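The values are calculated or read from the model by the stated rules, or taken from the named source; none is laboratory data. Keep in mind that this is a model prediction, so the values were computed, not measured. Here the Cβ is made from the backbone with ideal geometry for all residues, glycine too, and neighbour counts use every protein chain on show.
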Amino acid sequence: MALKIIDFGTPEYQQMIKMREEILRKPLGLTFSPDEIEKEKDNLFIGAFEDESMLGCCMIVEMDPKKARLRQMAVLNNLQGKGIGRALIQFAENLARDHGYKIMSMHARKPTVPFFEKMGYKITGPEFIEITIPHFEMEKEL
């Protein structure tokens, strides 16, 4: 498995959009609008690949000069639990550190909280609803 930074608008980025739609959006009856895609252009995109095939992805969004947010993390359903998510997070944390961020935050879907806790993230606030489902704000010092 290879982890790499993906450039906005590339074929790999299109694979990432498709994966995020299938795993994160479609089950909730949601799709990406062109405006949502356009707003992503300044983010950092990461993909996990086997040859040319994307296995998982995530992105990093700057919140302020010291804090980044991990967003839109997805791993193919049949490959979850095989270390791909862990590898993506470790790569994302290292990339965030390289960009000078001191804190990584996220809005974690409730069922994923135990996974992120194992990765060292802590819940920082009460449960809230986002895109129709329960989430928790979580953070980790980098």
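Okay, here's what the table says:
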{"quantity": "Those residues of segment 101-142 which are in a strand (DSSP E or B), more than 18 Å from Ile23 (Cβ to Cβ) and among the β-branched types (Val, Ile, Thr), in sequence order", "calculated": "Ile103, Ile123, Ile129"}
{"quantity": "Filter result (within 13 Å of the chain's Cα centre (by Cα) and loosely packed, with under 13 Cβ neighbours inside 10 Å) within segment 1-19", "calculated": "Ile5"}
{"quantity": "Residue among Glu22, Glu40 that alone is more than 19 Å from Lys140 (Cβ to Cβ), surrounded by 15 or more Cβ atoms within 10 Å (Cβ to Cβ), at pLDDT below 95 and not polar (S, T, N, Q)", "calculated": "Glu40"}
